[in-house]
Amino acid sequence: MGVEARDNPGGWSAETSVDELGHLAVAAGARVVGRIVQRLPRVSPTHYLGQGKLGLLISLRDASPYTVAIFDDELTPRQQRNIEEVLGVKVVDRTALILDIFARRARTREGQLQVELAQYRYLLPRLAGQWSHLERLGGGIGTRGPGESQLETDRRLIKERIRRLEQRLEDVRRHRALYQWRRQKTAIPVVALVGYTNAGKSTVLNSLTGAGVPVTHTLFSTLDPVTRRLWLPDGRYFLLSDTVGFIHKLPPTVVAAFRATLEELQNAALLLHVVDITHPEASKHCEAVDKILSELGLAKRPRLTVLNKMDLVVDSEDDLMNLDLRSRLGELAGVRPDDIVFISAARGWGFTGLLQKIAAILATAVTPTAKSGDV
């Protein structure tokens with residue numbers, strides 16, 4: 001379910017965003033049986049949707065039985081509680097859905113810690129709703145009193161767990177910062193792959209370095225960072241690092257929890273922005289990545305836009321130099337044509353030109369300074 005509110009314009013249509021929500025739901029193991037989009041002057045502060053659409057949802061429950069209702073924005077605790085009371089089914093918002101996918105996909109201990117921290121931060125303001133059944137029992141001894149006590153106990157335990165997770169991730173951060181500092185002392189530049197989820201970053205890494213990272217056609221197939229050494233034609237080498245994919249409406253709790261991982265971008269001399277040029281929303285994907293990079297303070301970091309999956313657009317590698325094609329795709333990506341490289345990671349097309357561009361940029365790039373205590 002999604003709302004397109006006139007008081008919150010964002011460039012994405014509700015239909016496009018809800019379509020993506022459906023793909024996220026499938027990635028989480030759900031079977032989608034229907035969808036609803038509503039246009040409102042503003043999102044309802046109590047139920048997110050208008051009363052008419054809520055009534056439609058109730059009627060659909062009988063025609064197409066569903067057990068979970070997924071909403072395209074992060075719901076407030078009040079909205080989530082109210083909707084669950086009306087529908088009588090579990091309600092999940094976009095943030096909880098993404099966190100569920102992350103919990104399924106995280107493989108390293110660091111990734112698991114980051115996901116757990118984000119989940120607890122998301123849960124903490126929603127704890128009161130877990131005890132709403134006590135409020136319906138009425139007041140008096142043995143009802144609200146013990147309920148409030150248990151709620152406060154849970155809050156204290158979760159806050160303590162958050163504090164411990166933050167400490168453990170800070171240890172990871174210090175270890176990473178020390179490693180980065182040593183790496184920079186040896187003048188090894190880092191090139192980081194960034195891009196929308198499922199754009200093909202892992203395929204690029206595998207094709208260039210033989211990393212052997214598992215590749216699937218699902219959203220957020222890669223969460224844990226992978227770094228490999230790659231040699232340039234002139235005999236120098238650099239470290240190529242893959243990172244978690246970005247997405248429209250990436251929850252702030254996720255960005256905060258993955259701070260240690262995303263710091264790899266802060267120390268990169270060059271960003272390779274990988275774009276699935278065959279996706280109908282490629283331009284919007286570029287805008288979403290630009291927005292997140294700006295929020296991370298990386299808007300001015302040297303960047304190449306790598307338009308991937310060109311084997312689905314042209315017939316041969318020679319066609320990548322077609323000037324008309326270059327102009328058209330340059331407009332779509334929203335960047336200067338000179339900053340675009342066309343490749344097919346699946347077929348290895350365009351890698352020679354890509355490595356030449358990387359070599360030229362690294363020859364003049366200033367490696368970001370990292371100190372062991374304040375990366």
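The values are calculated or read from the model by the stated rules, or taken from the named source; none is laboratory data. What you are looking at is a predicted structure, and each value in this text was computed from that prediction instead of being measured. Cβ atoms come from the backbone with ideal geometry, glycine included; neighbour counts cover every protein chain shown.
Yes/no matrix, rows are residues, columns are (1) of a type in the set (Phe, Trp, Tyr); (2) modelled with pLDDT of 90 or more; (3) part of a loop (DSSP other than H, G, I, E, B); (4) surrounded by 12 or more Cβ atoms within 10 Å (Cβ to Cβ):
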residue	(1), (2), (3), (4)
Glu4	no, no, no, yes
Asp7	no, no, yes, no
Gly10	no, no, yes, yes
Thr16	no, no, no, yes
Asp19	no, yes, no, yes
Ala25	no, yes, no, yes
Arg31	no, yes, yes, no
Arg35	no, no, yes, yes
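Pick out, from region 265-375, the helices (runs of 4 or more DSSP H) lying fully within it that include 1 or more residues that are of a type in the set (Val, Ile, Thr) and modelled with pLDDT of 85 or more. If you could, list the steps in order and put the result at the bottom.
Values: elements: 282-295, 323-333, 351-364.
Correct list: 282-295, 351-364.
Do we find that Val68 is out of contact with any Cys (no Cβ under 6 Å at 6 or more places or on another chain) and at pLDDT 90 or above in this structure? Show your work before the answer.
Details: out of contact with any Cys (no Cβ under 6 Å at 6 or more places or on another chain): yes; at pLDDT 90 or above: yes.
In short, yes.
Search region 200-213 for residues that are closer than 16 Å to Arg347 by Cβ and pair each with any residue that is at pLDDT below 90 and surrounded by 20 or more Cβ atoms within 10 Å (Cβ to Cβ) when their beta-carbon atoms are under 7 Å apart and the residues are at least 6 apart or on different chains.
Here the result reads Ser202/Thr222; Ser202/Asp242; Leu205/Asp242, each pair linking region 200-213 to a residue that is at pLDDT below 90 and surrounded by 20 or more Cβ atoms within 10 Å (Cβ to Cβ).
Just the residues that are assigned to a helix (DSSP H, G or I), crowded, with 19+ Cβ neighbours inside 10 Å and either in contact (Cβ under 8 Å) with a residue 40 or more places away in the chain or not small (Gly, Ala, Ser) (or both), please, taken from region 82-105. Talk me through it step by step, then tell me what you get.
Of region 82-105, the ones assigned to a helix (DSSP H, G or I) are 82-87, 94-105.
After this cut, where a residue has to be crowded, with 19+ Cβ neighbours inside 10 Å as well, the list is 82-83, 94-102, 105.
The answer is Asn82, Ile83, Arg94, Thr95, Leu97, Ile98, Leu99, Asp100, Ile101, Phe102, Arg105.
Just for region 239-257: of the residues that are part of a strand (DSSP E or B) and over 10 Å from the mean Cα position of the chain (by Cα), which one is surrounded by the most Cβ atoms within 10 Å (Cβ to Cβ)?
That would be Asp242.
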